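Just below is one structure, and these are the notes that go with it.
The values are calculated or read from the model by the stated rules, or taken from the named source; none is laboratory data. Because the structure is predicted, anything quoted here is derived from the model rather than measured. We place every Cβ from the backbone using ideal geometry, glycine too, and count neighbours over all the protein chains shown. Keep in mind that these areas ignore ligands, DNA and RNA; they rest on the heavy atoms of the full protein, side chains included. Shrake-Rupley method; radii C 1.70, N 1.55, O 1.52, S 1.80 Å.
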Amino acid sequence: GCVLVVSVIEQLAQWHNSTVKAAVERLCDYIPEKHNSLCLCTISFSIDREMNADVVCHSLRLCKQDPGQPLCHLYSPPKREKYSSVLFHALAHARSKHQIRSKSFMGFSSVCAFPLLANLCEKITYVLRNKLPFEDFDGDKFSTFPTLRGYHWRGRDCDDKNTTVYPGRRPDNWDAKSDSNCNGIWGVDPKDGIPYEEKFCKGADSKGVVLLGDSAGAHFHIPPEWMTVTQMSAKSFGNLPMAFSDELDWPQFSEITGFLNSTIGGWTDSLYLRLRKRNRCNHRDLQNISQNGIRGRLIQEIRSGLARNQLLDNPAIVIYATIGNDVCNGERDTLAHMTTPKEMLSNVVQALRYLDSHLPNGSHVILTGLVDGRFLWDNLHDRYHPLGQLNKDITYSQLYSFLDCLQVSPCSGWLTPNETLRNLTSERALQLSNVLKEIARSEKFANFDIFYMDFPLRQTAEEWRKMGGEPWQLIEPVDGFHPSQIAAALGTGITWQKALHEWPQVLGKENPFNNQIEAIFKDQGGH
């Protein structure tokens, strides 16, 4: 954290030809006022601008070298010299000649100590633990508040004081008097006395979409403008409060449950939007039960987060997609910490049995295979990271090595120059995908049918290349690991076409009344 922030400060000073102190103040001015506790205005720097962030952070004693451990650094070492001796010489020089004082640098390790952030931290801790909306007054697992696991993650509640009103339920008495399923269709047609819900949605094969996933499914994203000083302004950080409240995830733009126009580049296309377009009665019936860092053992997340009543609700299409974390970890002996095929089989079957006891009859489950993450190194390792674009001094290879040295790499097996290790990681990923494929072939359940599909990375890259794009644009630029907004949108189209041709029963039939529903909405001013 220190190295990243100090790098931004030093580059701001360079770009604007200012002092470091002025650069700190500039950065603080960019941060939204009510979240200024996050900024470093209380830090007093008196250091040379030429000192790189590695040196500064070791000088501040925020970075350290444990006995027997390598010296972790982001920036390249000076040529023909042993880096550790050069760095320690710089440290001694910095500590003796320069005064580096810090009043509240403890914020890096305990930002929740700030009074203004304590309340937000409490809320985030709650949603991380429970995977449920923080603002949910009736306890039905749906909310009228966007973030903190609110309606960015699952359909927006239309009555948060009534536990029997929520997205995805079958209509109560055809919603003649009120909108019990929040799809916006209710009341009675004065021409014939038939409830609109009955007229337009009866027999329409309505169904929702539920994602059980990891950080890729949650759509993890750190805006590159937060780290690119040539693009940085107060506007760059306008989305910071929302981003933190959503755990740096953007499910509202994601491949499976996205429903808003993307503000982070690319465009939004999702399975939910296509299901809604196919059948307007599916409006708001979505749930994204994904978590950063989750592995194949999803049973606890499903138990706490899934909102589906077997008797009262519509069937659902459940996407089971933990595409990387079963082989990804930051451990030095990464192979030993990967999920084994035997563990994968046990974890997934246990989760499916739970789903079978909770999903309405007529549901569907799609198991998605793991990605081949060699794509990451092959397309990014020699490119410059956003932090390195100003001075051409930080490549993704350097970033990966830095994170791996700190033992916080999102995937030591793929984000490495060790080709043998990359291949072994992909081999394990293929083994786990084959487990999922065999489950789909052999297991039978009472309330849903089950399908398997490979993660469509190769097809996505081919499609993007036809559109004139480059493969590296399919990867998140800051973390160099997750699928980008473009990859998410393209992946939706590929998944939809596969389902349309191979499993048409999953998507349901097209509702012939869609145009009439939209026309009535327009006549009523959109309500």
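For this structure, a couple of remarks:
- Using the Cβ-Cβ distance between Leu430 and Gln505 with R0 = 35 Å, the FRET efficiency computed as 1/(1 + (r/R0)^6) comes to roughly 0.75.
- The calculated FRET efficiency for the pair His16 and Arg383, based on their C-beta separation and a Förster distance of 30 Å, comes to about 0.70.
- When only Cα pairs below 8 angstrom with a gap of at least 6 residues are kept, the chain shows a relative contact order of 14 percent.
- Close amide-amide hydrogen proximity is noted between Val318 and Val210, His364, Val365, Ile366, each under 5 Å apart and 5 or more residues distant or on a separate chain (H modeled in the peptide plane; Pro and chain starts excluded).
- Which listed pairs, of Lys207/Lys498; Lys437/Lys498; Lys199/Lys444; Lys277/Lys498; Lys466/Lys498; Lys342/Lys498, have C-alpha distances above 24 Å, in listed order: Lys199/Lys444; Lys342/Lys498
- Cα centroid separation, the range 1-23 to the range 469-499 (Å): 32
- Rounded to the nearest whole Hz, the Karplus-based 3J(HN,Hα) values (6.51 cos²θ - 1.76 cosθ + 1.60, θ = phi - 60°) of the range 411-427 follow the sequence 6, 5, x, 10, 8, 8, x, 7, 5, 4, 5, 4, 5, 5, 5, 5, 5, with x at glycine and proline.
- Label point distance in nm, Gln516-Asn418, each placed 7 Å from Cα along Cα→Cβ: 6.4
- Only helices enter the 222 nm calculation for the chain: every DSSP H run of n ≥ 4 contributes -39,500 (n - 2.57), and dividing by all residues gives -11000 deg cm²/dmol, rounded to 500.
- Per residue accessible area in Å² of the chain, where ligands, DNA and RNA are left out and the probe is 1.4 Å: 45
- A straight chain from Ile194 to Trp267 at 0.36 nm per residue would run longer than the Cα-Cα distance by 22.4 nm.
- Each part gets one Cα centre, and for the range 392-415 versus the range 284-325 those centres are 31 Å apart.
- Taking amide H as placed 1.01 Å from N in the peptide plane, the amide H of Leu286 sits under 5 Å from that of Gly155, Val209, each at least 5 places away or on another chain.
- Hz values of 3J(HN,Hα) by residue in the range 57-66 - Karplus curve (6.51, -1.76, 1.60), Gly and Pro given as x: 6, 5, 5, 6, 6, 8, 10, 8, 10, 6
- Note on the chain: with neighbouring protein chains present and a 1.4 Å probe, carbon and sulfur make up 52 percent of its accessible heavy-atom surface.
- Each label was represented as a point 7 Å from its Cα along the Cα-to-Cβ direction; for Gln497 and Cys28 these points are 5.4 nm apart.
- Using the Cβ-Cβ distance between Asp333 and Met242 with R0 set to 41 Å, the FRET efficiency from 1/(1 + (r/R0)^6) comes to roughly 0.60.
- Gain upon complete extension [Arg458, Lys444; 0.36 nm per residue less C-alpha separation]: 2.1 nm
- Taken along the Cα-to-beta-carbon direction at a fixed 7 Å, the label points for Asp393 and Leu260 span 3.7 nm.
- Correct choice for Rg/Rh (Cα atoms, Kirkwood Rh) that was computed from the model, options (1) 0.96; (2) 1.06; (3) 1.01: (3)
- Amide H contacts of Tyr452 (H built 1.01 Å from N, in plane; Pro and chain starts excluded): Leu367 sit under 5 Å, all sequence-distant by 5 or more or on other chains.
- Phi-based couplings in Hz for the range 165-172 (Karplus 6.51, -1.76, 1.60; Gly and Pro marked x): 10, 6, x, x, 7, 6, x, 7
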